[in-house]
1. Sort MET1017, MET298, MET1512 from largest to smallest accessible area, using a 1.4 Å probe on the heavy atoms of the protein chains.
2. Could you rank the peptides 797-805, 1347-1355, 499-507 by their average count of other C-beta atoms within 10 Å per residue, with the highest value first?
3. Give the Rg/Rh ratio for the range 462-527, taking Rg as the radius of gyration of the Cα atoms and Rh as the Kirkwood radius, to two decimals.
4. Tell me, what is the 1.4 Å probe accessible area of VAL245, in Å² to the nearest 10?
5. May I ask you to derive the FRET efficiency for VAL945 and THR846 from their Cβ-Cβ distance with R0 = 56 Å, giving the value to the nearest 0.05?
6. Quick one: accessible surface of GLU1001, probe radius 1.4 Å, all protein chains present, in square angstrom to the nearest 10.
7. Just subtract the alpha-carbon distance of GLU979 and SER1140 from 0.36 nm times their residue separation and send over the number in nm, one decimal.
8. Within 10 Å, count the other beta carbons around each residue, average over each peptide in 1025-1032, 1057-1064, and list them highest first.
Amino acid sequence: MAAIYSGIHLKLKSPQTPWDNKLKLARFAWISSQCLLPNKEQVLLDWCTHALSLYYSKKVEFSQDFLEGLWCYLDDVLHSRKLQSFLKQGKTITLKLNMAQLLDQLQKCAHVGSKSSGCVSYILSVCQCIFSSPALSSVFTSKYELMVDLLAKLCSLACRELQQALPMEYLKKKPVTSHDESMAECLQTEPATNMETSQMDMLNGSSLDQPQSDADKSSSKPKENLRSANLFEVLLQVLSSYLSVQRQQANPSRVSSMVTNHLLQPFVLLRHLLTSGEFAACLAHLRLRQQLCRDIRMKMDSILQLALFPSEHLNSYKEELLPPKEDSGKRGSGGTKGPFKPVNAVLSKLNDRGYCEPSLHYPVKSSALCLLFKFFLEKYGKARVEDEEEQRMLCFYFLSRLVPTLDLHLGEQKSPPASMSSPENWNLALLAVESLLSQALSAGIYNVAADRIRHKDVQLNFYRAVGQLLFNEAQPSIPSWYRCLKVLLSLNHLILEPDLDQLLSSAWINAECMEARVQRARQLMVCSLLQTYTKLRQLPRLFSELMSVICQPALDDLRPPLLPESISTSLRTCLLDTPPSQVLEICSLVMEAIRKFILPDLVKEKTEGERMETDGEHEDQERKDASLKLLPLSQLLHAVLFNLKTLDNASPVPLVRQSQDLMKGFQSLIKELLRVVSTEKKKNRNTSSVQKASKKGRKSLNLKEKPSESKTGALWEQKTLEAALLLRYTWVEVDTLFHTHCYKYASPDEAPSSSPISDIESLLSGDILPACHRPSPSYSPMSCMLLKLLTLQQMKKILLDDVLIGESSTAALLKRSAQFILATSELEVSLDGEQAWDRQISSVTTSSYFAAHWYLVTTNLPLILCHLSSEDVRRMADVLISSFLNRRTDGSEDLPPDSLTVSLISSQLLQSPMLAELPSLFSATVWSLTQRIICVLGAAHTPKVCSTLLTFQEREAVSSQRDASQPLPTLVKKETIVEDILTSSKTGEIFVLLTETESRELLGLLQIVTILHPDGMSSEDLSCVFFLLFFMLTSTSCKPERMTESGGDALFLGKLLGVLAHLLESKNFQSVLKLMHGSTLLQAALSSLLWHRSSARAQATCSTDWLDFIKAVQVFIQTLVSLIIIRNSSVRLNLDQFASYLTSEEVTSRQNAESSSGASLSSVHLLLASVTSFSQVMISNLGRSKALDQILTQMLAKITASLVPAVEFVLKPQTLSEGVNQPASILGQAFLVDVVTVMLQSELSSLSVEDENKHSGTRLTHMSLYQGFCQQILKEISSAPRPMDFLVSSLLFLSSFYQAVQMVEEKDTEEEGGMKKGRNELDDLYIQILQNVHRLLTAPWLPSTDLSELEPAVQELLRHLVAKSTTSRFNLLLMTIREGLDISKLRAGNCREALSAVITIKLLSCCQLPETWSRALWLIAPQIISAVVFLVRLSSQDVSLTLPFTIPTITSMTSLLRQGEGQITSPHHVTLILGALQSVPLDHMTPTVYHSAFLAVHEALFAIIQCHPQAMLNAAPSFLNVFYRLVASIVQEGRQRGDGDAGNINIIH
C-alpha cells in the first residue's frame, strides 16, 4: 500500500510526469479504494487547485482540452457523494483555490468568441457546489469584495447570454419600441413545465462521480440552453448569498459605494433584459422559467434598495437634494455639505455609455430611473417621521433630479439632444415620465397649499416646466404623451391651465393620430379633463376655451369626431353633476360662438365689384370652413341639452326664466340657419335657370370650373342643413320636455300660427328636402334621419292633443307621416349591405343610415304601426325576417360594444315580448314565414303529388299575377293538409324530397318560429303554421344521397319536432285539437318517424344528431301528453289509443329487428324512447284525482308489460353477423338504464296508488330483472371510467330500486313472513350502495370538476337512503363521513377521500331528513365544522388544491351555514369559518380559479350575514378582515388584468 501511495504522490509532484497522466492518476486516486492517501480529499483538492494556479499565473501552459479537464475534475470532486458525506461528518476541507483566478476565468468567458468559454459550464457547477456548502462558501463570503466581483461577472455573463440569443442585427434594426409595456405579458407565456423538464434533464445529464466523456463535452444548442439555465440558477444562488452578506456589513457607505461602482450597471442592464418584451423570445429560447427570472429580479431589487437607500444615508440625501434653509424657494446644484453625494454618483453611473450597447443605453437608463424613484419613495417617502413636509419635499427634489437625466431640458429653449432624435426614445422617455409622475401622484408628495405658502410654488413651477416641455415637443402619436398630461392634470389643474387652449387643440380638437391605442389614451385624458373641471365647478370656463379652439382656423378639413362614445358618456355624467344654471351658461356660450364666429361667414354677401376681384370658389371655401365648424358645435349643443336636468314644477323661477331666454335665442338661431339654407337654394335655382339660357360656347369655357364649385357649395350647404336640423330637433325635444314637466315654463312656440299640423305638413312638403326624402349626394343621411325624427316628434304632439285628433284631415296626415318614417323603399335597400351604428345621431353616414333608420322604426312601432297599411306592415315583416336570416354572415361577433346593425336590431325585436303585443306585425311575420316555407316546398322535388302541393303550386301561379296579400288561411288549407298528413302517416309516402340547400333554408326559418312567442299567434295563424310544419314532419324527407352522407335527416326532423313542441305551449292550441285529436297527432308523428327510419339507409344511432333527435321526440311526446292530461278532455280515449299503438308497434319493430339481424334497431330505440317519455309524463301527473290516477295506472301497467320483452330482447346477446355490435352497445348503457328505471318507477307508482286505495297483495312483477340490473350497475359504476350520463342514470336507478326494496320489506313486515330476511337484504343493499357511491366519488378517473354534475343524483339517492333509515344505517353513513374528514388523509395526499366526505356533508344537509336524523346531524354539526375548517386551512397552504378541493369545501361550509339557520347557535363556529376563509389564497391565480375562489368566499360571507346575523356581534372583526381581503384582491386583480393600455414602464411590477 505504501508503494502505491508513494508512487501516486510522487508522480503527481514529479515534473517529469505529463500533465495528462497526472490528471488520470488523480482521477484513479479519487475513485479507487486501494489508494490509501492520508487526508486524500485535501491532498487531491490541493493538487487540482495548485495546477490551476500554475496555469493562471502563467508558469505552465495547458491545452484548452486539459484546462477543461481540470475544471471538470474539480467539479466532479466537489459534487461527489464521498466529499459530501465527508463534510457531513464534520470534517474540514480547505479549498485553496485562488478566487481571483476563478473570477479572471469568468471574465474571459464573458467575452464573445473567447476560446475558454468551454470551461464556463464546469466553473458554474463549481460555484454552485461552493455556495451550496457553508463550509466551502466561506472562501467567498468571508471577503465582501470577492462577492461583489463574482456577482458583477456573473451578471455580465448572464447579459452576454441573453444578448447572444438575439442577433445584434435585430437590435440595430429594431430597437426597443412602444411595446415595452407588454413585456410582462410576454414572460407569462412560457410554460413552467418546460423548465422543470429541462432542469431534470440537466441534473440527469451531469455525473458527480464520473468524468464526462469528450462526446458529452461537445457543444450543441440544447446543451448551450442547459448551460444558460444553469448560469441563471447559479446567479440566483449567488444573489441570495450576497444579500445575506450585504446585510451583515457594518459600513453602509462602503456597501453603497461598492454597489454603485460595481453592481448598479450590470444589475440594471440584466433587469432590463429580463423584463423587456424584445428579449422575451430569448428567455423562451434559453428555457428560462418565469419564476426564476422573477426571483432574480426581486433579489437584485432588494440589493439595490438596501444598498443605495439605507436609513443611515437619509441625511446625505437631504444635504445633497434639499436647498439651504435660508432660501427655500431656490435649490442649488446639489448638496454642498459633506463629500458624499449619492445621487450624483448613481446618476453618473447610469449616464455612462460603456456598460451596454448604444441601442440599449437609453431604454436601460429610463427603466432604471423609474426603479430608483420607486425604491426612494418606499424607503424615505412612506416612513413615519416628524416632519412629513420635509419628507415630501425630499422626494420631490429627487424627482427633479431624475427627469433631466432622461435628456429632457426643462424650461430651456434648446433643441433636443441627439438621444431624443428617434421616436423610440421619445416613447421611452414619455413612459418614464409617466411612471415618475404617477408614482409622485400615488405617494402624495405634492401638497398644493404648502408648496404655495412655504416653498414659493417650486413644485408647481417644475410640473409646469414638464407640461411646457410636453407641449413644445408634442408627441400626439404616442399614447403615453396623453397619459402624462392626464397625470399632470390629476396633480393640479393649474399646471396645465395656462396652456389650456393648446391642450384642447392638440389632445382633443385637432388630434390627428387615429390609432386605436392612441385614441383610447386621448379619450381618457379628455374624460379626466371634463371630470376635473366638473369637480371644480368650472365647466363653463373649460367650454369657453373649447369654443375658441373650435372656431380657430382648421389645419385641414378632417377633424376627429368631437364626441366619441367614451367622451360623450363622460360628458353626460359630468353634466348631471353640474348645476343647471352652469349648463345653461354652457349652452349660451355655444350659441354665442355660432353667432359670433360662424354665422357671419355663412351669410357674408359681397358686392358685384368684390365678386369680380375675388374668386367665387374662395367664398365657398370660407363657407365650407364655417359649416365644418358649425356641425361639431351643434353636436355639442345637442349633447349638452339632451343631458340637462329637465325643469320641473319645483324648479326656481330664475332658472325657468333663464331657460326660456335660452330657448328663445336658440329658436332665433335655428331660424337664421334655415334662412341661410333656403336663401342659398333660391339662389341656386336662379343660377341654374340662367345657366340653361346661356350659350353653349360659354358653357364649354366654364366646364372645368363648375364641378369643383358645385361640389364645394353642396358640401357647405349639406353641413349647414345638418346642423340646422339637428338644432331644430334638439329644440323640439327639449321644449316639449320642459313644457311637459314644468307648468311655469312658457314655450316660445305657442304662437297661434304655429301648430303641429302645419309643422308636419312643412316637413312632408319637401321644402327642406326633396320629396323623395332619401339619402343622396346632395342630401346627407343625417339630414334625412333628423327629418324623420322631427316628423315623429310632431306626430307625438298631434296624438297628445285631443282637439287635433278629432279633425278629419288628421288621420290622413298621420298615415302620410308614418309612411314617410317607414320609407319601405329604403328598407329594401338596407338588405344589400350594412354597417354598425354606434347609436350617435352625429355618426349617421351612408353605410350606417340603414341601421339607424331601422332602429328608429322598430323603437317606435307602437306609435306608427296603427297608421300603416297592411302592405307596409307585410313589407316590414319581410325585412325583419330577411335581415335576421342574414345575421350569420355580417360579422356581428366583431361589433364594438353598444353598436347596432340591421340584423341585430331584427334579432332583438323578434326575441322581445313587445312583438307579441303588436298583432298586425306579428301576424304579418307569421304570414311571411309561412309564405317562405311554402315557396321552398313548392320548389323542391316532388316524387308524388298531393292535394297540399297542388294548392301550393296554384298559389305560386296566382301570386305572380296579382298582389300577394291573401290572409293566411287562404295560403294554407288546413283540411287538405290534415288529409295528406293522415295519408302519409299510414302509408309512409314521401311527397317532398329536400336538397341540402333547401333543408338549410328551412332550418333558418324554423329557428325564427322558435323565437316567436306562441301566445302571440292567433288561433287561425297557429293552426295553419302547426299543420304546415306537421305536414313537413310526415311528408318530407332529405334526398337519399344526403341521408347517406349526413347519417339521415335526424338533424332536420329534430329541429322540426322542437318547433312543434314549442307551438304546443300556445294558449290557442285548442284550435289545432279541434281538427286532429291529440292521440292522432301522436300516432301520426311517431308513425311517420318510424317510416323515416325504415327507409333510411344509414342506421347511425350513436351520432350526436340522432341523440338530439331522440330527445326532441321525447320532449314532443311529453308536451303533447301533458296537454292532453291537463285539458282533461277524453283523456282515457286518447291515452288508450296511443298506448295501444305503442304496444303494437313495439312488437312489430322487435320482430323486424330479430328477423333482420339488428338492422332495425333504430326503430326499437325510437319506440323505447317514446314509451319511456310517455310513462314519465303519466307518472308525473299521478295524484291529480282518483279517477285520473285509475286511468294512468292502467296505462302504466299496459306500457310496462310491453316494455319487459323489449328490454329482454335488447339485453339478450344476439347472434349477429361479423362487424355488427350487440343491441345493448348500440343503444347505449345510459339509455337502457333510463328505460329500466322508468319501468321500475311505473310499477312503484302503481303500487303507491293501490296502497292508497287499500288494495293489498300486489307485488313488483319484474323484481328479478331489477335485481340483476342493480347488481350489474353496482359492479360497473365505480370499477372503470364511465360516461357521465351512465353514472347519473345509474344513481337514479339505485334510488328507485332502493325505494322498491324498502317497499317490499314493509309489505313483508306487514305479513309477518320474511322480516329477518328482508331486513338483511335491505341492509346489504344499503351497504353496497354506500360503498359504491364512496368509491365513485373517490375514483381517480373521475375529474374533480365533474363531481358537480353528479351531485343532484347523489343527493336524490341519499334522500331515499335516509328517509326510512334505521339507527345502524344512519350511523354507518356518519362513520363514513367521519373517516373522510380525517386530516391525515389530506396530509397523505389523498384529497379525494376528504372531498368525498365534504360533498356528502353538503348533500346530506340539503336533504329533507326525518326529524330524528335531522336532530342528530345538527347535534354533531359543530364537530363537522371544526374538521372542515382544519381541512380548508391545510389545503390553503397548497395553491394547486384551490380549485379541486378548497373551493368545494368552502361551498360545503356555506351550505351548512344556510341549512343550519336556527340550528347552529354558537357564534364560535361562525368565527371558526371566518378564520378558515382568511387563509384561502386569492393571489397569483388564473382568472378561472380566482373567479371561483372569489365567488365561494363571497357566498360564504353573504350566508353569514343572511342566516347568522347574531354571530356578527362577536365575529365582526374577523368578518371585516375577510371582506377586506376580498376587496383588496379584486382591486389587485383589476390592476393586473385591467387596462391593457396603461403603458406603465416595464420595471414596475
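1. Ranking MET1017, MET298, MET1512 by accessible area, largest first, yields MET298, MET1512, MET1017.
2. 499-507, 1347-1355, 797-805
3. That ratio equals 0.93.
4. Solvent-accessible area, nearest 10 Å²: 10 Å².
5. 0.70
6. 100 Å²
7. Working it through step by step, the gained length comes to 55.7 nm.
8. Going from most to least packed, we get 1025-1032, 1057-1064.
The values are calculated or read from the model by the stated rules, or taken from the named source; none is laboratory data. Computed from a prediction, not measured in an experiment: that's the story for all the values here. When we count neighbours, we look across all protein chains shown, and the Cβ atoms used for this are built from the backbone with ideal geometry, even at glycine. When the accessible area is computed, the model is the full protein with side chains, heavy atoms only, and any ligands, DNA or RNA have been set aside. Shrake-Rupley method; radii C 1.70, N 1.55, O 1.52, S 1.80 Å.
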